[in-house]
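Below is one structure; the comments refer to it alone.
The values are calculated or read from the model by the stated rules, or taken from the named source; none is laboratory data. Computed from a predicted model, the values in this text were never measured in an experiment. A quick note on method: Cβ atoms are made from the backbone with ideal geometry, for glycine too, and the neighbour counts reach across all protein chains shown. Ligands, DNA and RNA are excluded from the accessible area calculation, which covers all protein heavy atoms including side chains. Shrake-Rupley method; radii C 1.70, N 1.55, O 1.52, S 1.80 Å.
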Amino acid sequence: MSSRGRKAGLAFLAAILTFAGSVSGVTRSASAGVVAERNASQLVADLGAGWNLGNALEASNNGIPDETAWGNPVVTQALIDRVRASGFKTIRIPVSYLGHIGAGPNYTVNAAWLNRIQQVVDYAHGRGLNVLINMHGDGYKTVTGSWLICDAADQTTIKDKYQKVWQQIATRFQSYDDHLIFESMNENFDGQYGNPTQPCYSNINAYNQIFVDTVRRTGGGNASRWLLVPGWNTNIDHTVGDGFVLPTDQHRSSSIPAGEQRIMISVHYYDPWDFTGQEDGAITQWGAGATNPAKKSVWGQEDFLDAQLKKMHDKFVTRGYPVFVGEYGSIDKTTYDSANNRYRADYAHAVVATAKKYGAATAYWDNGWNGQHGFGLFNRGSATVTQQGLIDTIMSAVSGNNPPPTTPPPTTPPPTTAGSCRVSSAVNAWNTGLTNSITITNTGAAAINGWTLAFSLATGQTIVSGWNANYSPAGGTVTATNASYNGALPPGGSATIGYQANHSGNAAAPTGFRLNGTACS
């Protein structure tokens, strides 16, 4: 996202909190001969489902970065642990530097701020997650104190400052392995939502080249680290077009095979904006499942999404450059349309699944705000999940291209042994709607090949959509039947399914779970 003005729903706070002291966490060394380097396909597979720690370390107050300035609490290890436990394998951490950069000629970054950045990186890196850090708010005209401006007059000074700041960042993280990725900048452009202009685009290309050269020359793990670079405003059409110039990588480690790359391409995806980000109730539905044409955008549907990501595949992936959709998502419009979360889930599933189809990885944009116009998946203060349905559909999309079981489930699922299953529910309710995430665990000694789960909905509840299973009927006693890819449950194995339902005041969890006819605990 470009600025707090587009980060829906966050209050602007005046208090400034400065972090100093020692840095905690466990780092994985990039010592030679110890860490295996990942090629492009291995990297994309390992990135898995990604999540943005948005509106935190890139937030600022009067030109000074402050992670609580836009209404979010201080980032904690507990939050990162919850994100990891929810299935995310990659965390993108947007970072601003702004007034924490000293005067030239050295442009020294405030040590306490670098310590805090490293501490948050370690929260994730020390848990085995992939981590991306960038230079975020410094490139926006709308942010007080911004300076990485592509159409500003004194480009010599800007480029010198940019080089020296990245040199300090890269040196700080020189010993980290390739689970840490650097991103040169965020949505850099001239601030006008039109075609790219010159010399602005040429300066963006120059920033990317300075970034690659600077990081590589610091040595250590940085000589072979994956580096992420954007085109104009992370826009797909303007990145596959003629204006974008891939930086050369002449200072990279000689250990990298000659036919492999270590540069990635960054794009963001929020099309159609009237569904994903426009803060009104006009467009609340998306995709083939939309039931009200008046609530659905006239463009930006599945076919458009497929065509856009295919462009990135054809231009870059085929040449060994991985693509990272570093931001995507849609705001909460359930106050206008109680079924909106269904379409948000459809949208997220489509973006992730289509990206996977074309060899790209993704990271959901979470600005920490829950409720009207928010992107939040978690309550950051309590480190709890707020949108389990969206998380489930993201995880489903990441693994959804897996082949179905080689042995088709039998028409009539075999009975289970009494007491051989456990079922848990997690209901998230609002106004007249709810989502429920159900986890089924095989606690028996034998594998289950094909299953049905029967349960009773509370009075007044009606299922309107579901994921990872087929549901029938919509109310009363419901039977959920496994999908083609999750019917096999080995001993100790589990499957997570879910649904969205309307309710008339009773949002209670279902009862009477029976797996293949046998009651579950």
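One line per residue, one yes/no per condition, for (1) open to solvent by 10 Å² or more (accessible area, probe 1.4 Å); (2) over 30 Å from Ile497 (Cβ atoms); (3) of a type in the set (A, V, I, L, M):
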| site | (1), (2), (3) |
| --- | --- |
| Arg82 | yes, no, no |
| Ile91 | no, no, yes |
| Val95 | no, yes, yes |
| Val109 | no, yes, yes |
| Arg116 | no, yes, no |
| Gly137 | no, yes, no |
Can you name the residue in region 161-174 that is touching a helix residue (DSSP H, G or I) at 6+ places or on another chain (Cβ under 6 Å) and open to solvent by 20 Å² or more (accessible area, probe 1.4 Å) and is also farthest from Gly48 (Cα to Cα) among such residues?
Gln163
Can you spot a residue in region 442-455 that is modelled with pLDDT of 90 or more, of a type in the set (S, T, N, Q), in a strand (DSSP E or B) and open to solvent by less than 20 Å² (accessible area, probe 1.4 Å)?
yes
Only one of Val120, Val74, Val143 is over 16 Å from the mean Cα position of the chain (by Cα), surrounded by fewer than 20 Cβ atoms within 10 Å (Cβ to Cβ) and of a type outside the set (Asp, Glu). Can you tell me which?
Val74
Restrict the check to region 483-494 and report whether at least one residue is small (Gly, Ala, Ser) and touching a Lys or Arg at 6+ places or on another chain (Cβ under 7 Å).
no
How many residues are surrounded by fewer than 23 Cβ atoms within 10 Å (Cβ to Cβ) and β-branched (Val, Ile, Thr) if we restrict to region 184-213?
2
Which is assigned to a loop (DSSP other than H, G, I, E, B), out of contact with any Lys or Arg (no Cβ under 7 Å at 6 or more places or on another chain) and farther than 18 Å from Gly326 by Cα, of Ser253, Ser202?
Ser253
Filter region 98-133 down to residues that are in contact with a strand residue (DSSP E or B) (Cβ under 6 Å, 6 or more places away or on another chain) and in a loop (DSSP other than H, G, I, E, B) and give me whichever is farthest from Gly145 (Cα to Cα).
Leu129
Residues of region 257-306 classified as in contact with a helix residue (DSSP H, G or I) (Cβ under 7 Å, 6 or more places away or on another chain), assigned to a loop (DSSP other than H, G, I, E, B) and open to solvent by 60 Å² or more (accessible area, probe 1.4 Å), total:
1
Going through (1) of a type in the set (Phe, Trp, Tyr); (2) at pLDDT 95 or above; (3) out of contact with any strand residue (DSSP E or B) (no Cβ under 7 Å at 6 or more places or on another chain) one by one, Phe189 fails only at (2)
Listed by first then second residue, the pairs whose first member lies in region 67-92 and is within 14 Å of Gly368 (Cα to Cα), whose partner is open to solvent by less than 10 Å² (accessible area, probe 1.4 Å) and among the charged types (D, E, K, R), with beta carbons under 7 Å and at least 6 positions apart or on separate chains, are Trp70/Lys7; Val74/Glu67; Val75/Glu67
Test Val245 against the stated conditions and say whether it is open to solvent by 20 Å² or more (accessible area, probe 1.4 Å) and among the hydrophobic types (A, V, I, L, M, F, W, C).
yes
Out of the residues in region 404-440 that are modelled with pLDDT under 50 and among the small types (Gly, Ala, Ser), which is surrounded by the fewest Cβ atoms within 10 Å (Cβ to Cβ)?
Ala418
The one condition His238 fails out of (1) within 21 Å of Met312 (Cβ to Cβ); (2) open to solvent by 30 Å² or more (accessible area, probe 1.4 Å); (3) part of a loop (DSSP other than H, G, I, E, B) is (3)
(1) under 17 Å from Leu180 (Cβ atoms); (2) surrounded by fewer than 17 Cβ atoms within 10 Å (Cβ to Cβ) all hold for Ser41 apart from (1)
Scanning region 39-66 for residues that are more than 15 Å from Val143 (Cβ to Cβ), in a loop (DSSP other than H, G, I, E, B) and more than 18 Å from the chain's Cα centre (by Cα) gives Asn39
State whether the residues of region 490-502 include one that is in a loop (DSSP other than H, G, I, E, B) and touching a helix residue (DSSP H, G or I) at 6+ places or on another chain (Cβ under 9 Å).
no
With respect to the numbered conditions (1) polar (S, T, N, Q); (2) over 15 Å from Glu58 (Cα atoms); (3) modelled with pLDDT under 95, which one is the sole condition not fulfilled by Thr156?
(3)
Do we find that Thr156 is among the β-branched types (Val, Ile, Thr) and either closer than 20 Å to Ser253 by Cα or surrounded by 18 or more Cβ atoms within 10 Å (Cβ to Cβ) (or both) in this structure?
no
On the given criteria, is Val325 of a type outside the set (S, T, N, Q), open to solvent by less than 50 Å² (accessible area, probe 1.4 Å) and farther than 27 Å from Gly374 by Cβ?
no
I'd like to verify a number: residues in region 67-87 that are under 25 Å from His100 (Cα atoms), of a type outside the set (Val, Ile, Thr), assigned to a loop (DSSP other than H, G, I, E, B) and touching a helix residue (DSSP H, G or I) at 6+ places or on another chain (Cβ under 8 Å), how many?
2
Checked region 140-196 for anything in a helix (DSSP H, G or I) and aromatic (Phe, Trp, Tyr); matches are Tyr162, Trp166
Just the residues that are assigned to a loop (DSSP other than H, G, I, E, B), of a type in the set (S, T, N, Q) and modelled with pLDDT under 85, please, taken from region 457-489.
Asn468, Ser484, Asn486
